[in-house]
Amino acid sequence: MPFVGRKRELHQLAELLSHPPAVVLLEGEAGVGKTRLLDELIGFPLLIGRCHPMRFPYGPVVEALREACPPPDLNPITGALRPLLPEVAHLLPPAPPPLSEPQVERHRLFRAVLSLLDSLRPITLVVEDVHWVDPDTRELLAFLARCLPAAVNLVLTYRAEDLSHPAAEVLAHLPPHIDHAEIALAPFDAVETALLAEQLLPDPGDLWPLTRGVPVAIEQLARMLAEGRQPGTPPALRDAVLLKLGTLPLAARKLVQAAAVLGQPATERTLAALAGVPPERIERGLAEALRRGLLVETTPGLYGLRQPLATQAVRDSIAPAARRRLQHRIDTPTQPQGTLSPREEQVVRLAADGLTNREIAENLVLSPRTVEVHVANALRKLGLTSRRQLRAT
Ligand SMILES: Nc1ncnc2c1ncn2[C@@H]1O[C@H](COP(=O)(O)OP(=O)(O)O)[C@@H](O)[C@H]1O
Ligand SMILES: [Mg+2]
C-alpha cells in the first residue's frame, strides 16, 4: 500500500541514523504509523525486536539478536549469550563459566550484547512497543544507550499513553558524542486522510471525522465500506479501546463512559455528575483517563473521547440498563438548586457563544422548544435575567 505523508519525520529519522551513534525515540498512539515509518527506511540495516504485553525478560532483545548473522572472530564475551540465543549459538564462542554473583553475571550479559552489536556494525537496533518493556530489558536499553559503539544506533518506539515510566529515561546521562532525538507521530490531517482513503476506496467520502486521521482506523473503516457494511467501529479499534477501558480505575472508567453516552465534550463537573463519581475521585480519575488517551481535552476545560468510533465502541460496551440510566441523567435535571444539569450546561455554553436557540437545537439534536426551556431553567438557576448575561459566564 502506498506510503502517505511523513516526509519530514522520515527525513529526520534517516538523518539521525546516518550519523551514528544516535538514540531515537519514536512516539505515537496505536496505529498511527510508527512501524510503517520504520518499514520505509531504505538502506539502513536494522535488527528489530518487539516488546509484548507478557513482558518476557530480555524478550525484545532476544527477538532482535536471534536474527543476527555475526561474523567470525567474535569477542569471547559474546559466548555469554549462548543460553539466550540457541538459534545462533553455533556461531558464538563457547559460553563462559557461570559467575556466583548475579549482578556481575548481568553486567557480563549486558557487555555481551554490546559486543555483539559492535560486531554487526553498521547496525540499528530497533525495540518496538516499549510501553510493554520488561524491567530487565529496560535496564539493558539504558545501558546500551549510554555505551553505544560507533556505527550503532538505537531506536525505541512506544505509545506515550500506555507508558508507566518515562521513555526519555534512556536519554539520561548520554555522553555528548551520542546524538539523540524524540520524534512524535501525530495522526494525519484531513488532506493526508483523504490521500490514504483514496488509495483504499474509489469514492471514500470524508473519513476524517470518523477516524480523526489515525491510519489504522482509516484502513479499517475503508475496508468496512468496501465490503458494503455500515460505517461502524472497526473490530481492532473497538478491541483496543475496550482493552484499555478495562484496565482503568473505576472512577476513570465511569468518566469515559459518561463522556461516551453524552457524545460531546463536557466539563469535568458535568462528567462527574453524570457518572456519579465522588468529588475526591474526580481529579485522579480524569487525569488517568487523559493519561491513557481515552479522554482528550478538546477545548480548554472540555473533555471528550478522541474519535467518534471510539465513542461508539465505549457506548456499545455499556450494559443497556446502565446506558439508559446515564441517558436519563443527561436528560433529567436532578441537580440541587443552582447547579446546572449536563444538558443545561451544554445549552448554556452554546448560548454563551452567541448561538440562537435554533442553532443550539440543531447542534444538540433537540427541538427549539426544549432548548428554550433549558435556557430559561439555566438562567433561573444562575440567577440571571437575560441570555446576554450568559456571555459573561
Ligand atoms: N504513512 C502511512 N501511509 C500509508 N499507510 C500507513 C501510514 N502509516 C501507517 N499506515 C498504515 O496504518 C496501519 C497501522 O500502522 P502501524 O505502523 O502498524 O502503526 P503503529 O506501529 O504506530 O501501531 C498499517 O496498516 C500501516 O500500513
Ligand atoms: Mg507498531
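Using R₀ = 35 Å, calculate the FRET efficiency as 1/(1 + (r/R₀)^6) where r is the Cβ-Cβ separation of Leu242 and Arg380; round to 0.05. If you can, show how the numbers build up before the last one.
Details: r = 41 Å, r/R0 = 1.17.
The value I calculate is 0.30.
Rounded to whole Hz and in sequence order, give me ³J(HN,Hα) for the stretch 92-108 from the Karplus expression 6.51 cos²θ - 1.76 cosθ + 1.60, θ = phi - 60°, writing x for Gly and Pro.
9, x, x, 5, x, x, x, 10, 7, 8, x, 5, 5, 4, 5, 4, 5
I want to check the label-to-label distance for Met1 and Asp316. Put each point 7 Å from Cα in the C-beta direction and report it in nm to one decimal.
Modelled inter-label distance: 1.9 nm.
So for the chain: antiparallel DSSP bridges make up what percent, rounded to the nearest 5?
Expressed as a percentage, antiparallel bridges in the chain total about 20.
Ordered by residue, what ³J(HN,Hα) values in Hz, to whole numbers, does the stretch 317-323 give under the Karplus form 6.51 cos²θ - 1.76 cosθ + 1.60, where θ = phi - 60° and Gly and Pro are x?
Taking θ as phi minus 60°, the curve returns 7, 7, 4, x, 5, 5, 5 Hz for the stretch 317-323.
Taking θ = phi - 60°, what integer Hz values does the Karplus form 6.51 cos²θ - 1.76 cosθ + 1.60 yield along the stretch 227-238, in sequence order, with x for Gly and Pro?
7, x, 7, 4, x, x, 7, x, x, 5, 5, 4
With r defined as the distance between the Cβ atoms of Ala226 and Glu87 and R0 fixed at 51 Å, what FRET efficiency is calculated, to the nearest 0.05?
Details: r = 40 Å, r/R0 = 0.79.
Efficiency for this residue pair is about 0.80.
What nm distance separates the two modelled labels at Leu250 and Ala151, each placed 7 Å from Cα along Cα→Cβ?
Each label point lies 7 Å from its Cα, and together they span 6.0 nm.
If you count, for each residue, the other Cβ atoms within 10 Å and average over each peptide, how do 357-369, 277-289 line up from highest to lowest?
Values: 357-369: 14.9, 277-289: 16.5.
Listed from highest to lowest mean packing, they are 277-289, 357-369.
Does anything in the stretch 370-393 have its amide N under 16 Å from the 7 Å Cα→Cβ label point of Gln264, and if so which residues?
370-376, 378
Evaluate the Kirkwood expression for the hydrodynamic radius of the stretch 1-136, namely the inverse of the mean inverse distance over all pairs of different C-alpha atoms, and round to one decimal in Å.
Roughly 16.5 Å, rounded to one decimal.
For the stretch 243-292, rounded, prolate or oblate, judged on the Cα gyration tensor with a ≥ b ≥ c (square roots of eigenvalues), a/c < 1.5 rounded, else prolate if a/b > b/c? Walk me through the numbers before you get to the answer.
Values: a/c = 1.63, a/b = 1.15, b/c = 1.42.
Oblate, because a/c is 1.5 or more while a/b does not exceed b/c.
Between Leu25, Leu250, Leu37, where does the largest GNM mean-square fluctuation fall for the chain, given springs only between Cα atoms within less than 10 Å?
Leu250
For the stretch 205-322, state what percent of all Cα-Cα pairs lands in each successive 10 Å bin, counting from 0 Å until the bin that includes the largest distance.
14, 46, 29, 10, 1
Rounded to the nearest whole Å³, what is the per residue volume of the convex hull around the Cα atoms of the stretch 336-393?
Taking only Cα atoms, the stretch 336-393 has a hull volume of 67 Å³ per residue.
When Lys and Arg each count +1 and Asp and Glu each count -1, what net charge do the other residues less than 13 Å away from Leu92, Cβ to Cβ, add up to?
Details: positive: Arg66, Arg82; negative: Asp73, Glu87.
Net local charge, Leu92 excluded: 0.
Round to the nearest 10 and give me the degree value, 0 to 90, for the angle of helix 135-147's Cα axis relative to the longest principal axis of the chain.
Between the helix axis and the principal axis of the chain, the angle is about 60 degrees.
To make sure I understand, if each residue's beta carbon is the centre and we count other beta carbons within 10 Å, what order do Cys51, Cys147 fall in, fewest to most?
By the 10 Å Cβ count, ascending, the order reads Cys147, Cys51.
How high is the FRET efficiency from Arg111 to Ala160, r the C-beta distance, R0 45 Å, rounded to 0.05?
0.90
Once the Cα atoms of helix 342-352 and of the chain are each reduced to a long axis, what angle between those two axes, in degrees from 0 to 90 to the nearest 10, is obtained?
Orientation of helix 342-352: about 80 degrees from the principal axis.
Residues with beta-carbon under 11 Å from that of Asp353, excluding Asp353: net charge, scoring Lys, Arg +1 and Asp, Glu -1? Don't skip to the end; give the middle numbers.
Working: positive: Arg349, Arg391; negative: Glu359.
That works out to +1.
Want the number for Arg391 to His173: 0.36 nm per residue separation, take away the alpha-carbon distance, what's left?
Details: separation 218, 0.36 × 218 = 78.48 nm, distance 5.17 nm.
That works out to 73.3 nm of additional length.
What angle do you read, to the nearest 10 degrees and between 0 and 90, between the alpha-carbon axis of helix 190-200 and the longest principal axis of the chain?
Between helix and principal axis, roughly 70 degrees.
Rg over Rh of the chain, using C-alpha atoms and the Kirkwood radius, what does it come to?
Values: Rg = 26.4 Å, Rh = 24.3 Å.
With Rg and the Kirkwood Rh in hand, the quotient comes to 1.09.
We did not get these values from a lab; they are worked out from the coordinates using the rules stated. Given the structure is predicted, the values throughout are model-derived calculations rather than measurements. FYI the Cβ positions are ideal-geometry reconstructions off the backbone, even for glycines, and counts take in every protein chain you see.
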